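S.K.: Encoded as structure tokens, here's the structure I'll be asking about.
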């Protein structure tokens, strides 16, 4: 039996090579329009409606770039715990993370997130019309370091406003939405208990809810954050404000208020059990829009009341960033660029009525105004006003210092002790001051003593 | 006296009954004030659990808890027997070292475990969780079972050996059946530890191996909590433990006090 001749083998080999090179070359040709074809990125955030909405558009992104997105959402505390651990060990399991407001100081300061300036300043990676400057300054301040480098772009702006679930009761009393602390007490006095409705409600996160009242009364948490973190909880202003706020909660709040979560406080308004609350817009819009709300017709909105020292409405934001350990940073940037582009955000607002976007061009759009015109009120303008307020004077810097979660915990406990009459306000806050100093010193932070 | 016992039992059960009732209510009904004892019950919360990721997490919890319990018993019971019958020096020291994994709070092991698991690619795997629970449960098994074997007279197994049984046969046929109550009590404690664990499941899993306790927390969304599903999930998590405890309750009481009789 004759075997194949050498010429036949060579010819066959050449044919196979040609075939192989053709086959192997094909994907490169096909993928020219999708340079990331075959790439999968892992992204993570806490459970939120924004990303639930965004997920429905993922096929568009995958079609456009070839990048597959494995997006995972967890409960707020679960996400923060896991991501903190992942980032602190410089892991590469995640390519896109949510930069949680209270952790931004820690994550950016420790170098656990990637500077996005290299991406935004490179025209090949980011077209000019993507416009980083379009993000409201107030929401971006927490996403930057002291040098002004940007590490995340905001997808949610939490602007603290005031809502009155039963504004009809205020009208009946011949009053209007309170604009000052004194007016707030006057309205509460006039309406508390009417038709079984408590005049005020809040959740137990006093280190978020009380601080605007503390600042309005001329106090503060730290001396000059982020440079000087000496706590200022033992001042007369803090004691006076702590007493005032605890009284607001206990005298005008529903039973059990001191243990309320965010959601319980919102439900107390939605069910018509409580009237006024000062909190981020995220928990205010459902009063007018949620199917289970019994106060859709009676709810009205206003700015956070001002104190003698001014208006210091709470303002926070959450952003999308890239972990320092990610091995797919360019693909991750493609995702962030798409998710927070004007076009995508406009779709989310138009299709789902999402109320907390951070791009000025969207906030000023007709669609957004429509979404946030609630009972004839232009709530979009209130939202923008607070976001700008937060960015202007930088009074929210107290909240993004890495030590704030520990100090905030001491504040929560102090307000609880005052509200339950376990301690008088000066003593409770002096104790919080001493505990906060201990925390700071343990963390190696210098304080003025 | 009986009335007092019933009142106390009702007081102790009140939170669980409240949770159970909540699981059959809509969100609007849950927040109705004052709450009603009679309401239109709904199974929507349970149906929602079944169509969500909770179903897989529940299965993960079952697999991990049963596997770690069985493995702990398979390895730990012979070890406890061997330590009980150890006549040489060092038995006590070894037993003490076995308890080392319980000597520090779990948080102390977090970073090392996380790094080792990442290196071994065991993060977010059922195997990883089973191994973790095994390391913690093993000391429990050994420390609970050793006093049982100490109680049993050596003459029993010696009689079996005289009759021609091997060491293993003596243990398997004579000693093991006598330690039934202890095994039941130990098994339920191991199962409970693995079943109720939140911390390690939180740190060492992501999506694939997530267990039920972590999955329930995921109903606490940023903008609002799904109270009905949380209650339904909580009820589902309690159910296997209740059933298991009910089935072995006779052995459980005997087993928990059995080891304490010696001395």
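The values are calculated or read from the model by the stated rules, or taken from the named source; none is laboratory data. Model, not experiment: these values are computed from the prediction. Heads up, the Cβs are rebuilt from the backbone with ideal geometry, glycines too, and the neighbour counts pull from every protein chain shown.
S.K.: What number of residues within the stretch B:29-39 satisfy the criterion of being within 8 Å of another protein chain (Cβ to nearest Cβ) and exposed (fewer than 15 other Cβ atoms within 10 Å of the Cβ)?
M.R.: So the count comes out to 2.
S.K.: Quick check on residue A:204: is it within 26 Å of the chain's Cα centre (by Cα), part of a loop (DSSP other than H, G, I, E, B) and in contact (Cβ under 8 Å) with a residue 40 or more places away in the chain?
M.R.: yes
S.K.: Shifting gears a bit: When you go through (1) under 25 Å from residue A:170 (Cα atoms); (2) surrounded by fewer than 22 Cβ atoms within 10 Å (Cβ to Cβ); (3) within 26 Å of the chain's Cα centre (by Cα); (4) within 14 Å of another protein chain (Cβ to nearest Cβ) one by one for residue A:255, which number turns out not to apply?
M.R.: (3)
S.K.: Can you find, within the stretch B:202-227, the residue that is surrounded by the most Cβ atoms within 10 Å (Cβ to Cβ) among those that are farther than 17 Å from residue B:19 by Cβ and more than 10 Å from chain A (Cβ to nearest Cβ)?
M.R.: So the residue we want is B:211.
S.K.: Kindly check whether there is at least one residue in the stretch B:136-149 that is surrounded by fewer than 16 Cβ atoms within 10 Å (Cβ to Cβ), touching a helix residue (DSSP H, G or I) at 6+ places or on another chain (Cβ under 7 Å) and assigned to a helix (DSSP H, G or I).
M.R.: No.
S.K.: Sticking with this one: Is there a residue in the stretch B:170-189 that is closer than 29 Å to residue A:44 by Cβ, at pLDDT 90 or above and more than 14 Å from chain A (Cβ to nearest Cβ)?
M.R.: no
S.K.: Taking the residues in the stretch A:266-288 that are more than 24 Å from residue A:317 (Cβ to Cβ) and buried (at least 22 other Cβ atoms within 10 Å of the Cβ) as candidates, determine which candidate is nearest to the other protein chains (Cβ to nearest Cβ).
M.R.: Restricting to residues being more than 24 Å from residue A:317 (Cβ to Cβ) and buried (at least 22 other Cβ atoms within 10 Å of the Cβ), the top hit is A:267.
S.K.: Would you check which residues across the stretch A:91-108 are within 14 Å of the chain's Cα centre (by Cα) and within 12 Å of another protein chain (Cβ to nearest Cβ) and list them?
M.R.: A:98, A:100, A:101
S.K.: Out of the stretch B:183-211, which residues are assigned to a loop (DSSP other than H, G, I, E, B) and out of contact with any strand residue (DSSP E or B) (no Cβ under 7 Å at 6 or more places or on another chain)?
M.R.: B:197, B:198, B:205, B:208, B:209, B:210, B:211
S.K.: From the list A:424, A:434, A:414, which one is over 24 Å from the mean Cα position of the chain (by Cα), closer than 23 Å to residue A:314 by Cα and modelled with pLDDT of 95 or more?
M.R.: None of the others qualify; the one that does is A:414.
S.K.: Right, here's the next one. In the stretch A:289-323, what residues are under 21 Å from residue A:381 (Cβ atoms), over 20 Å from the mean Cα position of the chain (by Cα) and either within 14 Å of chain B (Cβ to nearest Cβ) or part of a strand (DSSP E or B) (or both)?
M.R.: A:289, A:296, A:300, A:301, A:302, A:306, A:310 - these are the residues of the stretch A:289-323 that are under 21 Å from residue A:381 (Cβ atoms), over 20 Å from the mean Cα position of the chain (by Cα) and either within 14 Å of chain B (Cβ to nearest Cβ) or part of a strand (DSSP E or B) (or both).
S.K.: Additional query: Here is a check on your reading of the model: is residue A:263 more than 19 Å from residue B:225 (Cα to Cα), within 11 Å of chain B (Cβ to nearest Cβ), at pLDDT below 95 and surrounded by fewer than 24 Cβ atoms within 10 Å (Cβ to Cβ)?
M.R.: no
S.K.: Restricting to the stretch A:68-90, and then to whatever is assigned to a loop (DSSP other than H, G, I, E, B) and facing chain B (nearest Cβ under 10 Å), can you tell me which residue is farthest from residue B:218 (Cα to Cα)?
M.R.: Of everything passing the filter in the stretch A:68-90, A:89 is farthest from residue B:218 (Cα to Cα).
S.K.: Now a separate question. Which one is surrounded by the most Cβ atoms within 10 Å (Cβ to Cβ), of the residues in the stretch A:426-445 that are out of contact with any helix residue (DSSP H, G or I) (no Cβ under 8 Å at 6 or more places or on another chain) and over 12 Å from residue A:403 (Cα atoms)?
M.R.: A:433
S.K.: Same structure again: Inspect the stretch A:153-168 for any residue being farther than 30 Å from residue A:269 by Cβ and surrounded by 18 or more Cβ atoms within 10 Å (Cβ to Cβ) and give the result as yes or no.
M.R.: yes
S.K.: In addition: I'm checking my understanding of the structure. Among residues of the stretch A:435-449 that are touching a residue at least 40 places away in the same chain (Cβ under 8 Å) and in a helix (DSSP H, G or I), which one is nearest to residue A:412 (Cα to Cα)?
M.R.: Checked the stretch A:435-449; the qualifying residue nearest to residue A:412 (Cα to Cα) is A:436.
S.K.: Return the only residue of A:180, A:232 being within 24 Å of residue A:383 (Cα to Cα), more than 12 Å from every other protein chain (Cβ to nearest Cβ) and either over 25 Å from the mean Cα position of the chain (by Cα) or modelled with pLDDT of 95 or more (or both).
M.R.: Just one listed residue meets the conditions, A:180.
S.K.: Scan the stretch B:29-42 and tell me whether some residue there is part of a helix (DSSP H, G or I), closer than 25 Å to residue A:260 by Cβ and touching a residue at least 40 places away in the same chain (Cβ under 8 Å).
M.R.: Yes, there is a match, as at least one residue in the stretch B:29-42 is part of a helix (DSSP H, G or I), closer than 25 Å to residue A:260 by Cβ and touching a residue at least 40 places away in the same chain (Cβ under 8 Å).
S.K.: Considering the stretch A:355-379 alone, what residues qualify as being in contact with a strand residue (DSSP E or B) (Cβ under 8 Å, 6 or more places away or on another chain), in a helix (DSSP H, G or I) and surrounded by 21 or more Cβ atoms within 10 Å (Cβ to Cβ)?
M.R.: A:379
S.K.: Are there helices (runs of 4 or more DSSP H) fully within the stretch A:98-169 with at least 2 residues that are in contact (Cβ under 8 Å) with a residue 60 or more places away in the chain and touching a helix residue (DSSP H, G or I) at 6+ places or on another chain (Cβ under 8 Å)? List them.
M.R.: In the stretch A:98-169, A:101-109, A:137-140 are the helices (runs of 4 or more DSSP H) which contain 2 or more residues that are in contact (Cβ under 8 Å) with a residue 60 or more places away in the chain and touching a helix residue (DSSP H, G or I) at 6+ places or on another chain (Cβ under 8 Å).
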